Amino acid sequence: MSDVEYVIGSENISNIPMQTYSDDICRFVEALSEKLTKFGDVRRYPDVAALAFWCRKGNIGRLKADFGSTEFRLGRGLCFHVAPSNIPVNFAFSWLFALLAGNASVVRLPGKEYPQIEIICNILRGALRDFPEIEERTAFVRYPAQNEITAKFCEIADARMIWGGDGTVTEIRGLRTKPRCVDLTFADRYSLCVINGKAILDTDENGLSRLAEHFFNDTWLMDQNACSSPQLILWINDSEEARGRFWDAALVCASERYELQTAVAVEKYARMCEDALELETLVGVRRDGNLLYRAELKALRGPIENLRGRGGYFYEYRLKNLDELAAVVTDKYQTLTQFGMNEDELRGFVLQNRLRGIDRVVPVGRAMDIDVVWDGFDIVRMLSRVIA
Amino acid sequence: MLDYQKIFELPVFGMKRDEKDAFFRSALSELTDHHRDNCEAYRRITDVAGRDSPLPVRLFKEYELLSVPREAVIKTMTSSGTTGQAVSRIFLDRDTSARQSKALSKIVSQFIGKTRLPMLIVDSPAVLKDRNMFSARGAGILGFSMLGRDLTWALDENMEPDMTIIDNFSKKHEGENVLLFGFTFMIWQHFIQALVSREETLAFEGILVHGGGWKKMADQSVDNERFKQTVRDVTGIGRVCNYYGMVEQTGSIFMECEQGHLHASVFSDIRILDGQNFAPVEQKRGLIECASLLPTSYPGHRLLTEDEGELLGVDDCPCGRAGKYFRVYGRVKGAEIRGCSDTYERR
């Protein structure tokens, strides 16, 4: 396959599994963390810093301890990863999850060039030198969008991690694999945020600006276009005052840190016009410049998951009770971020109502924190084989 | 309804700022009332966005927006979108259509004179074959063709210059001023470049009027200056006049004066908006908002384009025309968006 560029590794990749969370693997990941942390420019790339932080010894040790017995567990073999093109470091997490499970990996890097990818690959090359067993199980590839090449990798895969949304998932699902190949597919998802208005009123100015920053990181920082970025903001114990305090603080943060592209401003404005035409439940849209659009709903009527904004366009609703939410949740729903709520009660709400969606409940600010349990999958378990 | 008869009697480029602002404020407000009363979609949008808010041009690609009963529509114009792209659909009734022709003629005659000139259309007659749907290109040609005489098509069915026809036209009108008209990219690609590669030069006198966007030209690194110079060298035409216009506001086009400035006429106005907050700005680059007094059959009197431009001045262009003059930089840069989904699908 002449069009394939091996950024890391080669065609001669080993598919022999390793033990899940083996000492060697854990030591390697820790070594990688140290090298990433030492990288001088890491502060310029918060996503690389987050990756380094996630890989640190303490975290990997905790993950391993939480996992339970790995005594009779091996990776499935070779895992093929299709990374999404718009998030620079997602590929590294996908690969690390498969590695911790004990797999060799072929990772298709995003087509777009990001400095983060180059940084990670350069550091990784150095880290792999001391771990030949992992080195011979690691290949990062780039190739033009061609299904023939993807098909070749799919044929040899024992597992596939398919990111990039519904379109990519459907396309790659259509390619032939080994009969026992395991697929973890990351489809388009919908996320929301629930805020306790009373808790906003009880928060001091410092707390409020911290909350605003956390909310910013979940939304504007990713153009509000990540699966786990909330689109719909639900208010419990709602009041004008609480909303005012929250949005004022969020706006301050966004105006300092968000670079609004003119094309995004046009898109938000057009979306408002479309909502005016199509959304029967729309009360009105409040605008602060072009940075923040808030479309107020008078009822939660499906399909809510079509209500998507980008770059700071939120749908808002005053929730009378959680049952109202239960009625609209579908399998599209992924992350519920919360402020001032009891998380276990929210998880219990999902369970008691036997909802088909909402895979995560996390505090505002943690929406982007990817981990070994994601999209409702216990990834390391699913990518490993148990010897019973 | 506006008193169009009166409007058509006004000097096309004679209204100074204060007078024009007041005139447009009240005229646009009347049009807004008209469209709010007659187009349910427009009313809903302005209820949410605010009464004086412009309509984003892309809405004409997504919705059928009419302010007259369907039976009154005599012509549907479409933008010439590239394959696979959604096209705008603009619905014209008899009045709006007539107004567009009249305004176009009023504006253009200010630049080429009132006498009809022998006209060479730099396009192929094939573009008019499908009369059901009026593409922007076809409509533009038909609109401008009213302004000339001895209409002659310079390109054959294969978009190649027909040298026999061109030479005959040239001989027939030797010593006369002629009008050449076409779309910028078509002229460049299929006329100028073709003549250059055949090492043919022409000896016309007169004016070339062209419009239709610079995106493909920019891809070939051809700017207005180079275009003008090459046209002069190859055709002999001394005066090359670009115009800015869109199918959503046919008729009330913005013509380029002798100074190279685009001018708003009495039928149109522009504002430049800051992308951050859509506040009007006077001295920097921003989004172009276009107003036109012509459309009554569809709510297109106040549009937010996706083009960037800059206001150059008001009432003081050395060419002597009153009103705003400006320049256009082209389509706003596409959004670069982060996020996990590779393709963002609209509902």
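Nearest 10 degrees, 0 to 90: what angle lies between the long axis of helix B:94-112 and the longest principal axis of chain B (Cα atoms)?
Computed tilt is about 50 degrees.
Starting from the amide H of residue B:180, placed 1.01 Å from N in the peptide plane, find each other amide H under 5 Å away whose residue is 5 or more places distant or on another chain.
B:120, B:207, B:208, B:209
Each residue of the stretch B:241-251 in turn: what ³J(HN,Hα) in whole Hz from Karplus with 6.51, -1.76, 1.60 and θ = phi - 60°, glycine and Pro shown as x?
With coefficients 6.51, -1.76 and 1.60, one gets 10, 7, 9, 10, x, 9, 4, 6, 9, 4, x Hz.
What spacing in nm lies between the two simple spin-label points modelled at residue B:30 and residue A:50, each 7 Å away from Cα in the Cβ direction?
That separation, rounded to one decimal, is 5.7 nm.
Under unit Cβ charges (Lys, Arg +1; Asp, Glu -1), what dipole magnitude, rounded to 20 debye, does the protein assembly as shown have relative to its Cα centre?
Numbers: 93 positive and 105 negative charges, 99 e Å.
So the magnitude is around 480 debye.
Ranked by Cβ crowding within 10 angstrom, fewest neighbours first, how are B:156, B:269 ordered?
Working: B:156 16, B:269 24.
Least crowded to most crowded, the residues run B:156, B:269.
Please give the calculated 222 nm ellipticity per residue for chain A, where each DSSP H segment of at least 4 residues contributes -39500 (n - 2.57) and the sum is spread over every residue; nearest 500 deg cm²/dmol? Walk me through the numbers on the way to the answer.
Values: 15 runs with 160 residues, N = 388.
Dividing the helical sum by the residues of chain A leaves -12500 deg cm²/dmol.
Compute the angle between helix B:136-145 and the longest alpha-carbon principal axis of chain B, please, reported from 0 to 90 degrees and rounded to the nearest 10.
60 degrees
For A:238, B:219, what's the fewest-to-most ordering of other Cβ within 10 Å of each Cβ? Could you put the intermediate results ahead of the total?
Numbers: A:238 19, B:219 9.
Lowest to highest Cβ neighbour count: B:219, A:238.
In the Gaussian network model of chain A, springs joining C-alpha atoms below 10 Å, which of A:65, A:367, A:127 carries the largest mean-square fluctuation?
It is A:65.
Under the definition of partner shielding as Cβ atoms of other protein chains within 10 Å of a residue Cβ, what is the mean value for peptide A:273-282? Write out the running numbers ahead of the final one.
On the way: counts 16, 8, 4, 9, 10, 4, 2, 0, 0, 3.
That average works out to 6.
Go from 0 up to the bin containing the longest alpha carbon distance in the stretch A:16-74, width 5 Å each, and give me the % of pairs per bin.
That works out to 4, 20, 24, 19, 15, 10, 5, 2, 0, in percent per bin.
Would you mind ranking B:292, B:135 by Cβ crowding within 10 Å, fewest neighbours first?
Working: B:292 27, B:135 18.
If I rank by nearby Cβ atoms, fewest first, I get B:135, B:292.
Can you pull out the GluC sites (Glu not before Pro) in the stretch A:262-365 whose DSSP state is coil and whose Cβ has at most 10 other Cβ atoms within 10 Å? Working shown, then result.
Values: sites: A:267, A:274, A:278, A:280, A:296, A:305, A:316, A:324, A:343, A:345; in loops: A:280.
Within the stretch A:262-365, the qualifying GluC sites (Glu not before Pro) (loop, at most 10 other Cβ atoms within 10 Å) are A:280.
For the stretch B:157-268, what does the convex hull of the Cα positions come to per residue, in cubic angstrom? Write down the numbers at each step before the final one.
On the way: hull volume 14.1 nm³, N = 112.
Here the figure is 126 Å³ per residue.
Once the principal axes of the Cα atoms of chain B are found, what is the range along each, listed largest first in whole angstroms?
In descending order, the Cα extents are 59, 54, 45 Å.
When the helices in chain B are scored as -39500 (n - 2.57) per DSSP H run of 4 or longer and the sum is shared across all residues, what 222 nm value do you end up with, to the nearest 500 deg cm²/dmol?
On the way: 10 runs with 103 residues, N = 347.
Calculated at 222 nm, the ellipticity per residue is -9000 deg cm²/dmol.
Mind jotting down a quarter of the surface of the convex hull over the alpha carbons of the stretch B:4-125, in square nanometres, one decimal?
Working: hull surface 42.5 nm².
Over every viewing direction, the Cα hull of the stretch B:4-125 projects on average to 10.6 nm².
Mean separation of Cα pairs under 8 Å and 6+ residues apart, divided by the residue count of the stretch B:199-304: what relative contact order is that in percent?
On the way: 160 pairs, mean separation 20.3, N = 106.
Averaging sequence separation for qualifying contacts and normalising by length gives 19 percent for the stretch B:199-304.
Rounded to two decimals, what is the ratio between the C-alpha radius of gyration of the stretch A:234-284 and 2.2 N^0.38 Å?
On the way: Rg = 14.1 Å, N = 51, 2.2 N^0.38 = 9.8 Å.
Relative to the rule-of-thumb radius for its length, the stretch A:234-284 sits at 1.44.
How large is Rg/Rh for the stretch B:59-202, to two decimals, with Cα atoms and a Kirkwood Rh?
On the way: Rg = 17.2 Å, Rh = 16.9 Å.
For the stretch B:59-202, the value is 1.02.
Just the Kirkwood number for chain A, please: inverse of mean 1/r across all distinct Cα pairs, in Å, one decimal.
Details: mean 1/r = 0.0449 Å⁻¹.
It is 22.3 Å.
Whole-Hz ³J(HN,Hα) for each residue in the stretch A:330-339, computed from phi via Karplus 6.51 cos²θ - 1.76 cosθ + 1.60 with θ = phi - 60°, x for glycine and proline: what do you get?
Whole-Hz 3J(HN,Hα) from phi for the stretch A:330-339: 10, 5, 6, 6, 10, 9, 10, 8, 9, 9.
Mean 1/r over all different Cα pairs, inverted: what Kirkwood radius does the stretch A:263-387 give, in Å? Provide the component values of the computation, followed by the final result.
Numbers: mean 1/r = 0.0602 Å⁻¹.
So the Kirkwood estimate lands at 16.6 Å.
Would you work out the charge dipole size for chain A about its Cα centre, treating the Cβ of every Lys and Arg as +1 and the Cβ of every Asp and Glu as -1, and quote it to the nearest 20 debye? Show your work: numbers first, answer last.
Numbers: 48 positive and 56 negative charges, 122 e Å.
So the magnitude is around 580 debye.
Among B:29, B:105, B:124, which one shows the biggest mean-square fluctuation in a GNM of chain B, springs joining Cα atoms closer than 10 Å?
The residue with the greatest mean-square fluctuation here is B:29.
For the Cα atoms of chain A, what angle does the longest principal axis make with the long axis of helix A:57-67, in degrees from 0 to 90, nearest 10?
The helix A:57-67 is inclined about 90 degrees to chain A.
Using R₀ = 35 Å, calculate the FRET efficiency as 1/(1 + (r/R₀)^6) where r is the Cβ-Cβ separation of residue A:204 and residue A:354; round to 0.05. Before the final figure, lay out each step's value.
Details: r = 39 Å, r/R0 = 1.12.
Efficiency at R0 = 35 Å is approximately 0.35.
Between residue A:239 and residue B:331, what FRET efficiency follows from the Cβ-Cβ distance if R0 is 25 Å, with the result rounded to 0.05? Write out the running numbers ahead of the final one.
Details: r = 44 Å, r/R0 = 1.75.
It comes out at approximately 0.05.
Could you check which residue among B:202, B:303, B:262 shows the biggest mean-square fluctuation in a GNM of chain B with a 10 Å Cα cutoff?
B:202
Would you mind classifying the stretch B:262-347 by shape? Square roots of the alpha carbon gyration tensor eigenvalues, ordered a ≥ b ≥ c; an a/c under 1.5 is rounded, otherwise it is prolate if a/b is larger than b/c and oblate if not. Don't skip to the answer; put the middle values down first.
Details: a/c = 3.11, a/b = 1.69, b/c = 1.83.
Verdict is oblate for the stretch B:262-347.
Is the shape of the protein assembly as shown rounded, prolate or oblate, going by the alpha carbon gyration tensor and its root eigenvalues a ≥ b ≥ c, with a/c under 1.5 for rounded and a/b larger than b/c for prolate? Before the final figure, lay out the partial values.
On the way: a/c = 2.63, a/b = 1.70, b/c = 1.55.
It comes out prolate by the Cα gyration axes.
With each pseudo-label sitting 7 Å past Cα toward Cβ, what's the residue A:283-residue B:220 distance in nm, one decimal?
Between residue A:283 and residue B:220, the label points sit 5.6 nm apart.
Would you grab the residues whose amide H sits under 5 Å from the one on residue B:313? Only those 5+ places off in sequence or on another chain, please, with H modelled 1.01 Å from N.
Amide H neighbours of residue B:313: B:325.
If each of residue B:21 and residue B:174 carries a label point 7 Å out from its Cα toward its Cβ, how far apart are those two points in nm?
According to this spin-label approximation, the distance is 5.6 nm.
Shape of the stretch A:10-153 from its Cα gyration tensor (a ≥ b ≥ c, root eigenvalues): rounded if a/c is under 1.5, otherwise prolate when a/b > b/c, or oblate? Mind showing how you got there, number by number?
Values: a/c = 1.75, a/b = 1.08, b/c = 1.62.
Because a/c hits 1.5 or more and a/b fails to exceed b/c, the stretch A:10-153 counts as oblate.
Given chain B, what percent of its DSSP beta bridges are antiparallel, to the nearest 5?
Working: 32 of 54 bridges.
Around 60 percent antiparallel, to the nearest 5.
Straight-line reach from residue B:75: which lysines have a Cα under 29 Å away, not including same-chain ones fewer than 8 places off?
Output for residue B:75: B:6, B:61, B:102, B:106, B:114, B:129, B:215, B:216.
Under 5 Å between amide hydrogens, which residues at least 5 positions from residue B:330 or on another chain qualify, with H placed 1.01 Å from N in the peptide plane?
B:308
Which whole-Hz couplings ³J(HN,Hα) result when phi for each residue of the stretch A:238-246 is put into the Karplus expression 6.51 cos²θ - 1.76 cosθ + 1.60, θ = phi - 60°, listed in order with x for Gly and Pro?
So the Karplus estimates, Gly and Pro as x, are 6, 7, 4, 5, 4, 4, x, 4, 5 Hz.
Only bridges whose two residues both fall in the protein assembly as shown count here: according to DSSP, what percent of them are antiparallel, nearest 5?
Numbers: 47 of 109 bridges.
That works out to approximately 45 percent antiparallel.
Taking the Cα centre of the stretch A:321-376 as origin, work out the dipole magnitude from +1 charges on Lys and Arg Cβ and -1 charges on Asp and Glu Cβ, in debye rounded to 20.
So the dipole magnitude of the stretch A:321-376 works out to roughly 120 debye.
With the calculation restricted to Cα positions, what are the radius of gyration and Dmax of the stretch A:160-297 in angstrom?
That works out to 18.6, 58 Å for Rg and Dmax.
Applying 1/(1 + (r/R0)^6) with R0 = 60 Å to the Cβ-Cβ distance of residue A:301 and residue B:115, what FRET efficiency is obtained, to the nearest 0.05?
Working: r = 64 Å, r/R0 = 1.06.
It comes to 0.40.
Bear in mind these aren't lab numbers, they're just calculated from the coordinates by the rules spelled out. Nothing here was measured: the structure is a model prediction, and the numbers come from that model. Positions of Cβ are backbone-derived with ideal geometry, glycine not excepted, and every protein chain shown enters the neighbour counts.
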